[in-house]
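One structure is given below, encoded as structure tokens.
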Number of protein chains: 2
Amino acid sequence: MMGAVTETKDISLLRINGQRLWDSLMSLAEIGATIKGGVSRLALTDLDRQARDRFVQWAKDAGCTVRIDEIGNIFAHRAGADDDLPPVLAGSHIDTQPTGGKFDGNYGVLSGLEVMRTLNDQNIRTRAPIEVVVWTNEEGSRFVPVMMGSGVFVGAFPLADTLRQKDTTGCSVGEALEAIGYAGPTPARHFPAQGYFEAHIEQGPILEATDTTIGVVTGALGQRWYDMVVTGMEAHAGPTPMDMRHDALLAAARLIQEINQVALDHAPDARSTVGWMDVYPNSRNVIPGTVRFSVDLRAATDEKLDAMDAQLKTVCDAMNKGGRVQVQLTQVVYFAPQPFDAERIGSVRAAARMLQLSHRDIVSGAGHDAIYLAQVTPSAMIFIPCKDGISHNEIESARPEHVEAGCNVLLHAMLQQAGVLA
Amino acid sequence: MMGAVTETKDISLLRINGQRLWDSLMSLAEIGATIKGGVSRLALTDLDRQARDRFVQWAKDAGCTVRIDEIGNIFAHRAGADDDLPPVLAGSHIDTQPTGGKFDGNYGVLSGLEVMRTLNDQNIRTRAPIEVVVWTNEEGSRFVPVMMGSGVFVGAFPLADTLRQKDTTGCSVGEALEAIGYAGPTPARHFPAQGYFEAHIEQGPILEATDTTIGVVTGALGQRWYDMVVTGMEAHAGPTPMDMRHDALLAAARLIQEINQVALDHAPDARSTVGWMDVYPNSRNVIPGTVRFSVDLRAATDEKLDAMDAQLKTVCDAMNKGGRVQVQLTQVVYFAPQPFDAERIGSVRAAARMLQLSHRDIVSGAGHDAIYLAQVTPSAMIFIPCKDGISHNEIESARPEHVEAGCNVLLHAMLQQAGVLA
């Protein structure tokens, strides 16, 4: 581990160039730009290649050496004074959803690049090297699984299997990587690092609603996803009295409220969502016989998630004992909660405080490459507000002053880990 | 009006031939029979023609004269001793749903025919004539509106407009009537009658559940149908805390429970049903932004229906004042409650009592030709149990002893109105 930070008065006054960062974001957003102001740039397409090429050129212009690994992850290396030390990493992704925005992912990558450019401007050498990483296919829109590049890097997915994954046209990940020239020689395997930092728009409403500039991300929520099937008996709405019904939708409505209560009982970080529902036979004057719906439970610790799971099962059991309908619950997805590293979280918080930026602890409800990285490298994330909490949407937006502020936090958090030669 | 019944000891012992009625039901069910044991015989198709032809032949064999009116309704007339007296009518329909059963409609028509055959067996002359009616297109599966023949007969629909209604292939009602030879010369307009009786399977679970043979139908529920739209804000399930959500499905779930309560608060006859629902964007990890659903309220009186409507609006107003979501309520259908005629109801009840059949008052929650007839003729209905309350389904079923019992009730109720010459 690195020792204490070597920080001078000058270093604490160091600031990134907000306009240059903003211009780079807008420049990268030209590749795959949509009429509605968003970006459509799916992983490993030719548009992705163009964006990768632009990033690689910028990294080389900044004096970096660039490695590409077997799953297409890009590592831009800025040498440290002791270049054998494990690097400090920053990064994210530059692939987007089909109707994505300009900031999701791109902000984390270009903030890392801006940190390097700022250090170059001031001729600052870090003791440890720093690297900016572009992770392949975070979004999972074209190829599953999501967070592919970081997942392979940490060993969550075997490389060979992942290269064989196909898109809907039958093109494999391996073929797509070859086609765009990003099937690199570097082993797609994690290596020692001083830490990993990822700056990202919040993709939620908390920072905006609380007028806070910086979210100090303490970890990611664990997730349990379920399928529920409520089986009653379809019957004519007219001739069937209320007390003789087996109304699957009425039962589902009760369950939805109980499921909502599960999260309220584990406030503040716990979440429960019913996002998808299918009603059968779905006819105005027929009492529904079968209702299927999804349940998404999230919590910051496995203890909480387990308690929520138990409460959900109790709710289902009670409904089944009622005898009006039958409820079937099947878990289909589990992601473990992932706390971030206390020291890296501390670096982010200290940087925000030093920069006199309003900040608060926050948990990530969504998936990010940092969540995989945290399995092998001490990691942390920096959130900035996004307009109306909207993301994965062409109207996704962030304010220039927030974009700049988050990058300044990244700069100082990275410097704290990398160390600066006076 | 007819005077008191002329009923002798012999008449009270009169019974229909249950086997003959059952055989006729099974015979008619051969036309359009499905592999699953049901009947698919849509209105004004060639299968409908075959069934009409068979009925007309049976009616002529029973000594009836047959009239066809302009909308294809069939009237089989059995002369009374005073044939100028208004007739006593019995009837229903013989068209079916695409996946219909053997009993819905057909039972009412063939019960009327069996009454005539029974009177013929015993050489009984009624004072007033009796007529069995086959109403055109009750189901509305091929041509809308439903209850077309009885609706035109009572003046609810203009004849000319109705004849121009088209099926999905562009064939009009008028063309279809011509094609099957049932565009009759008799004006499709109501005429004075001593009353109208319709025997029918309940299409609900009450009689079976209470082990009751005869439902004395006192009237039909009025109906108000609505469209509801709940508008919240779609957002990511992960990053959006519970207290910052505008979850349209959670709001809809609360509304569904309140809507259920509306009917419970107006027990026992009131009904409320949410049968149709559409969730947007309907994705597992997105909080629903918009939910649309149908509301179907039914009650036996307009006072109750109005009170239920007011309660529904109060529920919506409260939700709107909550401010989390916006609720929009639009009434799309209204059918007035239709009480049946006290004297004809009395005849049905008296017949059931005389026959020592278990019976109870019941309201019709579904639509029937009798509900239109009641607008112009004193009407009543007789319900018999159907298996599991299931109808509009190929597995629709009724027990022979119930089929026979209901027809005996029809016989004696009609005789009470028509009068019998000793």
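Given the criteria in contact with a strand residue (DSSP E or B) (Cβ under 7 Å, 6 or more places away or on another chain), assigned to a loop (DSSP other than H, G, I, E, B) and assigned by TED's automatic domain parsing to the domain that holds residue B:173, does residue B:94 qualify? Here the answer is yes, as residue B:94 does meet what is asked.
Selection over segment B:36-78 of residues that are outside any strand (DSSP E or B), modelled with pLDDT of 95 or more and loosely packed, with under 15 Cβ neighbours inside 10 Å gives a count of 6.
Residue selection: residue A:100 satisfies the criterion of being farther than 18 Å from residue A:198 by Cα and within 19 Å of the chain's Cα centre (by Cα). Counting only strands (runs of 3 or more DSSP E) wholly contained in segment B:294-397, the ones carrying 1 or more residues that are within 14 Å of chain A (Cβ to nearest Cβ), in contact (Cβ under 8 Å) with a residue 24 or more places away in the chain and among the small types (Gly, Ala, Ser) occupy B:359-364. So which pairs qualify, if the first residue must be in segment B:190-213 and within 16 Å of residue B:101 (Cβ to Cβ), the second must be at pLDDT below 95 and aromatic (Phe, Trp, Tyr), the Cβ gap must be under 6 Å, and the two must be at least 6 apart or on different chains? Taking only residues 6 or more apart or on different chains, not a single pair turns up. Across segment B:178-213, what is the total count of residues that are touching a strand residue (DSSP E or B) at 6+ places or on another chain (Cβ under 9 Å), surrounded by 18 or more Cβ atoms within 10 Å (Cβ to Cβ) and more than 14 Å from chain A (Cβ to nearest Cβ)? Final tally of qualifying residues: 12.
Select from segment A:79-91 the residues that are touching a strand residue (DSSP E or B) at 6+ places or on another chain (Cβ under 6 Å) and not hydrophobic (A, V, I, L, M, F, W, C) and write down the one among them that is surrounded by the fewest Cβ atoms within 10 Å (Cβ to Cβ). Please lay out each step first, then the result.
Within segment A:79-91, the first condition is being touching a strand residue (DSSP E or B) at 6+ places or on another chain (Cβ under 6 Å), and the residues that meet it are A:80, A:87-91.
Imposing the further condition that a residue be not hydrophobic (A, V, I, L, M, F, W, C) reduces the set to A:80, A:87, A:91.
On the way: A:80: 22, A:87: 26, A:91: 29.
That would be A:80.
Applying the criterion of being of a type in the set (Asp, Glu) and surrounded by fewer than 24 Cβ atoms within 10 Å (Cβ to Cβ) to the residues of segment B:342-395, the residue that is farthest from residue A:238 (Cα to Cα) is B:343. Tallying residues that are polar (S, T, N, Q) and either assigned by TED's automatic domain parsing to the domain that holds residue B:366 or under 17 Å from residue B:326 (Cα atoms) (or both) within segment B:266-309 yields 2.
Looking only at residues that are touching an Asp or Glu at 6+ places or on another chain (Cβ under 9 Å) and free of Cβ contacts under 8 Å to residues at least 60 places away in the same chain in segment A:214-239, which one is farthest from residue B:220 (Cα to Cα)? Spell out how you get there, then give the answer.
Filtering segment A:214-239 for residues touching an Asp or Glu at 6+ places or on another chain (Cβ under 9 Å) gives A:215-218, A:221-226, A:232-233, A:235, A:237-239.
So of that shortlist, the ones also free of Cβ contacts under 8 Å to residues at least 60 places away in the same chain come out as A:233, A:235, A:237-239.
Values: A:233: 24, A:235: 18, A:237: 13, A:238: 10, A:239: 10 Å.
This residue is A:233.
Out of segment B:179-222, which residues are over 13 Å from the mean Cα position of the chain (by Cα), under 26 Å from residue B:388 (Cβ atoms) and of a type in the set (A, V, I, L, M, F, W, C)? Answer for segment B:179-222, where residues must be over 13 Å from the mean Cα position of the chain (by Cα), under 26 Å from residue B:388 (Cβ atoms) and of a type in the set (A, V, I, L, M, F, W, C): B:206, B:207, B:209, B:214, B:216.
Annotation note: of B:356, B:331, the sole residue that is polar (S, T, N, Q), at positive phi and modelled with pLDDT of 95 or more is B:356.
Among the residues making up segment A:242-275, a single one is facing chain B (nearest Cβ under 8 Å), among the basic types (Lys, Arg) and touching a Ser or Thr at 6+ places or on another chain (Cβ under 9 Å): A:271. For segment B:276-286, the tally of residues that are touching a residue at least 12 places away in the same chain (Cβ under 8 Å) and facing chain A (nearest Cβ under 7 Å) stands at 6.
The values are calculated or read from the model by the stated rules, or taken from the named source; none is laboratory data. Note that the coordinates shown come from a computational prediction; the quantities given were computed from them, not determined experimentally. With ideal geometry, Cβ positions are generated from the backbone for all residues, glycine too; neighbour counts draw on all protein chains shown.
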